[in-house]
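**Q** Please see the structure below; I have some questions.
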Amino acid sequence: MKLQDQQEVLADGDASIRKWRRAFLILLRLFLGVIFVYASSDKILRPAAFAEITYNYQILPDSLINIASIFLPWLELLLGLLLLFGFWLAGAVLIANSLFLVFFATLIFNAARGLDIDCGCFSASTAASSGGHMLWYVLRDGFFLLVGLCLFFLAFFSKPSQSWRIAIRQTIGIMLIALTFGVIANQLRPDRLPLIADWSPEARLTLKLGNKILIPFDEARDTFFSGAAVFIDARSSEEYREGHIQGARNLPIGAFDEKAGEVLIDLPEETLIITYCDGEKCTLSAELAQKLKQIGFENVRVLFNGWTVWKQHHLPAQVEEAQAS
């Protein structure tokens, strides 16, 4: 074969490779573009629920939770549109891979800490997941990261030095635009989020159940000695037997449907009921209060971190005898 013919064959081969690489680049960016647009939609519509998920990850200081929840969904939407239309591709690919890496590392980090929560990747649902779901989230986000890295390689392969300079400028522009849209959209919402919010356990409980749900400790103590309230322990039967507020009834949240009738049968609906559990992160008392309200008990209050503060003040308590097996 002549040298000229060999050069033509090589040129045709290079052209074919470039053609397939371009087609693969388009396919990858369209795939990821759809993923980002879809992932952003529910979070834009429900920023408060997404902020709850962001809080549950426990990787950001409280002062940044709302800002991140306002900014991130709009960043995802903007990235999705840029990938779909092939505009500012270098910056979009760089940010997309950074997000995939952060999401994947966060899932691994929380799995290692034993936290098992919904990842919030595609919705603002705050439902808890199972271990199987967490494994699925890790595998799925690992696949997205792999696709993103393939896109990164293709996008930066031809002119790496020029692509990096362009990508950095575009990255700054994309983030500023997303932040601007996020803040403006939040300000126009009737239920807008404050940029900085109180994410303490007490504040979260009040936000979920209303301003009057928490009962101050002094008031709870006074109602105990006056006999004006019925205390209900939301913890398990085992924890209840090990120690509880004197005279308190036990209604474990996990056995509510089976035991509610027996525990509540003699209580008028207007009875002041004070629920409690143990620990600042315990939500059993709040969940029990919600269920009691749902079945008609309107005068329900929650003593936050009840069993701990009760013991700290050396107030009347009792221990149940262990049941014979």
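Throughout, read-outs are computed from the coordinates displayed, never taken from laboratory work. What you see is a predicted model, and the numbers here were worked out from it, not measured in a lab. Positions of Cβ are generated from backbone atoms using ideal geometry, with glycine treated the same way; all protein chains shown enter the neighbour counts.
**Q** Step through the residues of the range 182-192 one at a time and calculate ³J(HN,Hα) from phi using the Karplus curve (6.51 cos²θ - 1.76 cosθ + 1.60, θ = phi - 60°), rounding each to whole Hz and writing x for Gly and Pro.
**A** x, 5, 4, 4, 5, 5, 7, 7, x, 10, 4
**Q** If you look for lysine pairs in the range 203-318 that are eight or more places apart or on different chains, how many of them have Cα atoms under 14 Å apart? All intermediate terms of the calculation are to be shown ahead of the outcome.
**A** Numbers: Lys208/Lys291; Lys208/Lys293; Lys212/Lys293; Lys259/Lys291.
Pairs that pass both the separation and distance tests number 4.
**Q** Rounded, prolate or oblate: which fits the range 238-325, taking a ≥ b ≥ c as square roots of the Cα gyration tensor eigenvalues, rounded meaning a/c under 1.5, else prolate when a/b beats b/c? Could the numbers behind the result be given before it?
**A** On the way: a/c = 1.66, a/b = 1.24, b/c = 1.34.
Oblate is the answer for the range 238-325, as a/c is 1.5 or above yet b/c matches or exceeds a/b.
**Q** For Gly243, which sequence-distant residues (separation of 5 or more, or a different chain) have an amide H within less than 5 Å of its own amide H, given hydrogens modelled in the peptide plane?
**A** Counting only residues 5 or more places away or on other chains, the set is Glu320.
**Q** Which order do peptides 138-147, 273-282 fall in by mean Cβ count within 10 Å, highest first?
**A** 273-282, 138-147
**Q** Further question: Would you grab the residues whose amide H sits under 5 Å from the one on Phe231? Only those 5+ places off in sequence or on another chain, please, with H modelled 1.01 Å from N.
**A** Residues meeting the amide H criterion: Arg249, Ile274.
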